[in-house]
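Participant: First the structure, which I've put down as structure tokens, then a few questions once you've had a look.
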Amino acid sequence: MRSTGRALVTGGAGFIGSHLCERLLGEGIQVVCIDNLSTGRLENIAELTARRGFSFAEGDVEQPLGTSGPVDMVFHLASRASPVDYLTAPLETLRAGSVGTEHALEAAQAWGARFILASTSEVYGDPAEHPQRESYWGNVNPVGERSVYDEAKRYAEALTMAYRRSRGLNTAIARIFNTYGPRMRTDDGRIIPNFVKQALAGEPLTVYGSGLQTRTLCYVDDLVDGLLALARSSVAGPVNLGGTEERTVLQLATEIARAAGGEPPVIEHRRLPEDDPRRRRPDLTLAGELLGWRPRTALDDGLASTVAWFDRQRPVVAAQLAGKPAVHDLS
């Protein structure tokens, strides 16, 4: 099929999806963005809607996808990704990973497009291998609370590979580790929004468990670089995309408090959620060898940018809570 320079992005009004849409447009690629706005926000794409080559359709991947013309790439990002969201909508999360993935695959098949699945490090569960290589099969509780997300993504990976093997579809799988940056929801419930919001308000920082569990963080611009490198390659994956600077949760609390200009944080410990991973860090050997990709943004720089963005949102959030119209700063 002839090249159109056009991409379909499901979940395109979400945190990562909106950054991906913006980058694609900046590189001269037309974008069809589909989102049901369950966790995505129109504010994330407000500046894109006036740009030539961008179109938005409010729709759910539980229904068959349609576009007004051919596409070269289908990026499937549609899914609730925060425990706050997927634990309150477990069936919808499972359907996004199952029937939603199949609809996105069918769209790619119809147009002869390359299909890129946004999978997750959660397929490794609470890993017994560290760092996690793509060959590791994981340690996932298939009936725990988090299983609705973990198993939805594992199924999505299996379905993607089945389409590749049985139908010859050109597919790729990205396993995305913790990513942060501007446009994260303030009520997202994950570690960065929680800590930043609390630090800016001068409140104690909430740490679940001992705080000695570790995470790595990848700035969203770097993550988008990795997704595009994968999309433009012939690599099937799965390929890990994430940060390499491993920190304990307590260390992150201190660094975020410092980035917010505050004193050393007061910590409030809460019960650790079920099946919360103790250690998480990607082995990026394949991403480096096959895609020439590694994250470039230093944690200090990324946190400074993220904190500054959250700080600019505080009047918006306050106005929303008060039920008043707000002037949105979309930078």
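The values are calculated or read from the model by the stated rules, or taken from the named source; none is laboratory data. Being a predicted model, the structure only gives us computed values, none of them experimental. Glycine also receives a Cβ, built like all others from the backbone with ideal geometry; neighbour counts cover every protein chain displayed.
Participant: If you take the residues of segment 132-151 that are part of a loop (DSSP other than H, G, I, E, B) and of a type in the set (S, T, N, Q), which of them is farthest from residue 289 (Cα to Cα)? Give the derivation first.
Facilitator: Filtering segment 132-151 down to residues part of a loop (DSSP other than H, G, I, E, B) leaves 133-138, 140-146.
Imposing the further condition that a residue be of a type in the set (S, T, N, Q) reduces the set to 135, 141.
Working: 135: 15, 141: 32 Å.
The selected residue is 141.
Participant: Pick out the one residue from 166, 233 that is outside any helix (DSSP H, G or I) and either polar (S, T, N, Q) or surrounded by fewer than 22 Cβ atoms within 10 Å (Cβ to Cβ) (or both).
Facilitator: Values: 166 fails: outside any helix (DSSP H, G or I).
After applying the criteria, what remains is 233.
Participant: (1) of a type in the set (A, V, I, L, M, F, W, C); (2) out of contact with any Leu (no Cβ under 8 Å at 6 or more places or on another chain); (3) buried (at least 24 other Cβ atoms within 10 Å of the Cβ): which one isn't true of residue 94, the others all being true?
Facilitator: Of the numbered conditions (1) of a type in the set (A, V, I, L, M, F, W, C); (2) out of contact with any Leu (no Cβ under 8 Å at 6 or more places or on another chain); (3) buried (at least 24 other Cβ atoms within 10 Å of the Cβ), the odd one out for residue 94 is (3).
Participant: Could you tell me which of the residues 134, 129, 92 is more than 24 Å from residue 21 (Cβ to Cβ) and within 20 Å of the chain's Cα centre (by Cα)? Break it down stepwise before answering.
Facilitator: Values: 129 fails: within 20 Å of the chain's Cα centre (by Cα); 92 fails: more than 24 Å from residue 21 (Cβ to Cβ).
That would be 134, the only listed residue that is more than 24 Å from residue 21 (Cβ to Cβ) and within 20 Å of the chain's Cα centre (by Cα).
Participant: Then there's this: Please pick out the residue among 252, 227 that is touching a helix residue (DSSP H, G or I) at 6+ places or on another chain (Cβ under 7 Å) and either closer than 17 Å to residue 272 by Cα or in a strand (DSSP E or B) (or both). Talk me through it step by step, then tell me what you get.
Facilitator: Details: 227 fails: either closer than 17 Å to residue 272 by Cα or in a strand (DSSP E or B) (or both).
After ruling out the rest, the residue left standing is 252.
Participant: Condition test on residue 175, is it of a type outside the set (Asp, Glu), in contact with a strand residue (DSSP E or B) (Cβ under 7 Å, 6 or more places away or on another chain), buried (at least 23 other Cβ atoms within 10 Å of the Cβ) and at pLDDT 95 or above? Working first, answer last.
Facilitator: Details: of a type outside the set (Asp, Glu): yes; in contact with a strand residue (DSSP E or B) (Cβ under 7 Å, 6 or more places away or on another chain): yes; buried (at least 23 other Cβ atoms within 10 Å of the Cβ): yes; at pLDDT 95 or above: yes.
Against the criterion (of a type outside the set (Asp, Glu), in contact with a strand residue (DSSP E or B) (Cβ under 7 Å, 6 or more places away or on another chain), buried (at least 23 other Cβ atoms within 10 Å of the Cβ) and at pLDDT 95 or above), residue 175 qualifies.
Participant: Now a separate question. Need pairs with beta-carbon distance below 6 Å; first residue more than 18 Å from residue 171 (Cβ to Cβ) and within segment 64-82, second in a loop (DSSP other than H, G, I, E, B) and acidic (Asp, Glu); sequence gap 6+ or separate chains.
Facilitator: 82/188
Participant: Something else about it: Just checking, does segment 139-148 include any residue being surrounded by fewer than 24 Cβ atoms within 10 Å (Cβ to Cβ), of a type in the set (A, V, I, L, M), closer than 21 Å to residue 82 by Cβ and more than 20 Å from the chain's Cα centre (by Cα)?
Facilitator: Initially, segment 139-148 is screened for residues surrounded by fewer than 24 Cβ atoms within 10 Å (Cβ to Cβ), giving 139-148.
Next, only the ones that are of a type in the set (A, V, I, L, M) stay: 140, 143, 148.
Subsequent filtering for residues that are closer than 21 Å to residue 82 by Cβ retains 140, 143, 148.
Imposing the further condition that a residue be more than 20 Å from the chain's Cα centre (by Cα) reduces the set to 143.
The answer is yes; a qualifying residue exists.
Participant: Restricting to segment 124-152, name every residue that is under 16 Å from residue 177 (Cβ atoms) and of a type in the set (Val, Ile, Thr).
Facilitator: Within segment 124-152, just 140 meets the criteria.
Participant: On to the next question. What pairs can you find where one residue is in segment 94-120 and over 15 Å from residue 12 (Cα atoms), the other is surrounded by fewer than 19 Cβ atoms within 10 Å (Cβ to Cβ) and hydroxyl-bearing (Ser, Thr, Tyr), and their Cβ atoms are less than 8 Å apart, with a gap of 6+ or different chains?
Facilitator: Going by the 8 Å Cβ cut-off, the qualifying pairs are 97/155; 98/155; 107/67; 111/67.
Participant: Please find, within segment 270-316, the residue that is modelled with the lowest pLDDT out of those that are among the aliphatic types (A, V, I, L, M) and part of a loop (DSSP other than H, G, I, E, B).
Facilitator: Checking each candidate, the answer is 272.
Participant: Looking at (1) crowded, with 17+ Cβ neighbours inside 10 Å; (2) over 30 Å from residue 257 (Cα atoms); (3) over 14 Å from the mean Cα position of the chain (by Cα), which one does residue 207 not meet, given that it meets all the others?
Facilitator: (2)
Participant: So if I check each of 157, 129, which one is outside any helix (DSSP H, G or I) and either acidic (Asp, Glu) or buried (at least 24 other Cβ atoms within 10 Å of the Cβ) (or both)?
Facilitator: Working: 157 fails: outside any helix (DSSP H, G or I).
Exactly one residue qualifies, and that residue is 129.
Participant: Among the residues in segment 122-136, are any of a type in the set (S, T, N, Q) and out of contact with any Lys or Arg (no Cβ under 8 Å at 6 or more places or on another chain)?
Facilitator: The first filter runs over segment 122-136 and keeps only residues of a type in the set (S, T, N, Q), leaving 132, 135.
Among the residues that remain, those that are also out of contact with any Lys or Arg (no Cβ under 8 Å at 6 or more places or on another chain) are: 135.
Yes: one or more hits.
Participant: How about segment 149-178: which of its residues are among the basic types (Lys, Arg) and more than 19 Å from the chain's Cα centre (by Cα)? Show your work before the answer.
Facilitator: Keep residues of segment 149-178 that are among the basic types (Lys, Arg), which gives 153-154, 164-165, 167, 175.
Across segment 149-178, the qualifying residues are 164, 165, 167.
Participant: Only one of (1) within 18 Å of the chain's Cα centre (by Cα); (2) assigned to a helix (DSSP H, G or I); (3) modelled with pLDDT of 90 or more is not met by residue 194, so which one is it?
Facilitator: (3) is the only condition that residue 194 fails.
Participant: If you don't mind, another one. What's the number of the only condition in (1) crowded, with 20+ Cβ neighbours inside 10 Å; (2) farther than 19 Å from residue 300 by Cβ that residue 260 fails to meet?
Facilitator: (2)
Participant: Taking residue 25 and the conditions (1) surrounded by fewer than 21 Cβ atoms within 10 Å (Cβ to Cβ); (2) part of a loop (DSSP other than H, G, I, E, B), which numbered condition does it fall short on, given that it satisfies the others?
Facilitator: Exception for residue 25: condition (2).
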